[in-house]
Amino acid sequence: MTAHSSPIQVVRSVVELRAVTRGWRQAGDSVAVVPTMGALHDGHLSLVAQARDACDRVIVTLFVNLTQFDRPEDLAKYPRTENRDRAVLEPAGVDLLFMPGVDEVYPPGFATTVSVSGLTSGMCGDFRPGHFDGMATIVAKLFLMTGADRAFFGEKDWQQLQIVRRLAADLNIPIEVIGCPTVREADGLAMSSRNARLSPPDRTAAPALYAALTHAAQRLRGGEDPAPVLEAARAEILAGGFARVEYLDLRHPQTLTPLDRLDGPARLLAAAWLGPVRLIDNVAV
Ligand code: AMP
């Protein structure tokens, strides 16, 4: 499928969204959805490109989902760049931008939460209370609102990706969840909407997180014991200028079970604080 440049149809209501997708479906078109919270960067655009290649129609959703923010200041400071986001999506071949208001998504009386157990405990689940319930609820809603055939998520949020796969299977939502590789800056830093909040010195320090994960993964692949390797990776992140390592875990890639030795595929995942900004990243082992 080739990208084309035409004004994107912006839709704010579920009724209108369903009317448009009904037409597509009647024409036999397959539909992709790329859920985002805006402040779009090349990581988001890579999801859009993969959606474009896989489906006839592409919906990007842009909704800063307040219920998944565990810290009010993170929500207040979350970058909002709606006009710029629309402009970068125009040449990307997106058919529809779904930008609902808060009342459209959470009307008065809203009382349902989608809560995935197991995969949500540990790592971000332990440090961001309520985050994954908020995320799972909005993702389930967006899957049902769009009725898409395929959904595209970034591997940067590895735990989120496993949770989304689980919820789609458990709720029998007929959608294929596709994970897309993490897009990085030239120095290795994973692209993130939150990177814009890094001070210039913190931005210089930020690649230390990915560097430490990469070094540790190399040592683990070489057969070294996980415990000292993980300890060294923590030290490397702190020496790189981070104030605090929230977690640094070796886990099974799909079940997310903690691993204390390497006897198959694994994922190394970390969250760490650089000034007021929390960064996450992960690599395959
Ligand atoms: P967000 O807007 O940050 O909630 O992210 C929306 C989607 O983009 C999620 O599926 C993220 O995993 C994905 N994403 C964010 N950053 C990147 C990145 N650097 N590379 C690939 N996907 C990303």
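The values are calculated or read from the model by the stated rules, or taken from the named source; none is laboratory data. A quick note: this is a predicted structure, and the numbers were derived from the prediction, not measured. As a convention, Cβ positions derive from the backbone with ideal geometry for all residues, glycine included, and neighbour counts pool all protein chains shown. Remember, those area values only see protein heavy atoms, side chains included, never the ligands or the DNA or RNA. Shrake-Rupley method; radii C 1.70, N 1.55, O 1.52, S 1.80 Å.
Worth a mention:
- Residue in region 153-164 that is away from the ligand (no atom under 11 Å from the Cβ) and open to solvent by 20 Å² or more (accessible area, probe 1.4 Å) present: no
- For ALA151, the conditions (1) outside the structural domain of VAL33 (by TED's automatic domain parsing); (2) outside any helix (DSSP H, G or I); (3) not hydroxyl-bearing (Ser, Thr, Tyr) all hold with the exception of (1).
- Test: residue in region 121-131 that is in the same structural domain as VAL20 (by TED's automatic domain parsing), buried (at least 18 other Cβ atoms within 10 Å of the Cβ), within 17 Å of the chain's Cα centre (by Cα) and not in a helix (DSSP H, G or I): yes
Rundown of residues vs (1) of a type in the set (A, V, I, L, M); (2) open to solvent by less than 30 Å² (accessible area, probe 1.4 Å); (3) at pLDDT 95 or above; (4) in contact with a Gly (Cβ under 7 Å, 6 or more places away or on another chain), yes/no style:
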{"position": "THR36", "(1), (2), (3), (4)": "no, yes, yes, no"}
{"position": "ARG71", "(1), (2), (3), (4)": "no, no, no, no"}
{"position": "GLU90", "(1), (2), (3), (4)": "no, no, no, no"}
{"position": "VAL102", "(1), (2), (3), (4)": "yes, no, yes, no"}
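- Filter result for the condition that a residue is open to solvent by less than 50 Å² (accessible area, probe 1.4 Å), closer than 24 Å to SER192 by Cβ and more than 11 Å from the ligand (Cβ to nearest atom), over VAL114, VAL94: VAL94
- Matching residues in region 254-273 - criterion: being over 16 Å from HIS215 (Cα atoms) and free of Cβ contacts under 8 Å to residues at least 60 places away in the same chain: THR257, LEU259, ASP260, ARG261, ASP263, GLY264, PRO265, TRP273
- Identity of the residue in region 176-196, open to solvent by 60 Å² or more (accessible area, probe 1.4 Å) and more than 8 Å from the ligand (Cβ to nearest atom), that ends up farthest from THR146 (Cα to Cα): ASP187
For (1) at pLDDT 95 or above; (2) on the phi > 0 side of the Ramachandran plot; (3) within 16 Å of the ligand (Cβ to nearest atom), each residue gets a yes or a no:
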site: ALA27; (1), (2), (3): yes, no, no
site: HIS41; (1), (2), (3): yes, no, yes
site: SER46; (1), (2), (3): yes, no, yes
site: ALA54; (1), (2), (3): yes, no, yes
site: VAL60; (1), (2), (3): yes, no, yes
site: ASN83; (1), (2), (3): no, no, no
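- Residue match in region 7-16 (condition: surrounded by fewer than 12 Cβ atoms within 10 Å (Cβ to Cβ), over 18 Å from THR146 (Cβ atoms) and in contact (Cβ under 8 Å) with a residue 40 or more places away in the chain): yes
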